[in-house]
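Undergrad: The structure under discussion is supplied below as structure tokens; questions concerning it will follow.
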Amino acid sequence: MPVMSIRLSEEMADSLAALAQATGCSKSYLAVDALQGYLDREAWQVAEITKGLGEADAGDFASPGEVAAVTGKWTGTAG
């Protein structure tokens, strides 16, 4: 398994140590878990942007009725 070294601020290191103490998990476990969550969210966002760009390139846009339905949902005028 590859090993990586990172520099943390004192505040972040203290927060990580406190969380590790409170949860009974190792600092390494918590750091890897946080990094995995970040990577998953970023990969999802990139995939959704790529999908949206592909739809836009194909001319697949919302109809005026679909836009009105969403707008109504958020402005309280939905049917």
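The values are calculated or read from the model by the stated rules, or taken from the named source; none is laboratory data. Here the structure is a predicted model, which means the values were calculated and not measured. When we count neighbours, we look across all protein chains shown, and the Cβ atoms used for this are built from the backbone with ideal geometry, even at glycine.
Undergrad: Within segment 38-58, does at least one residue satisfy the condition of being outside any helix (DSSP H, G or I) and either modelled with pLDDT under 95 or more than 19 Å from the chain's Cα centre (by Cα) (or both)?
TA: yes
Undergrad: Here is a follow-up. I'm trying to understand the selection: among the residues of segment 1-37, which are of a type in the set (Ser, Thr, Tyr) and surrounded by fewer than 10 Cβ atoms within 10 Å (Cβ to Cβ)?
TA: Ser5, Ser9
Undergrad: Do you know which residues across segment 1-37 are part of a helix (DSSP H, G or I) and charged (D, E, K, R)?
TA: Listed by number, the residues that qualify are Glu10, Glu11, Asp14, Lys27, Asp33.
Undergrad: Which number in (1) within 23 Å of the chain's Cα centre (by Cα); (2) surrounded by 11 or more Cβ atoms within 10 Å (Cβ to Cβ) marks the one condition that Ala68 misses?
TA: Every listed condition holds for Ala68 apart from (1).
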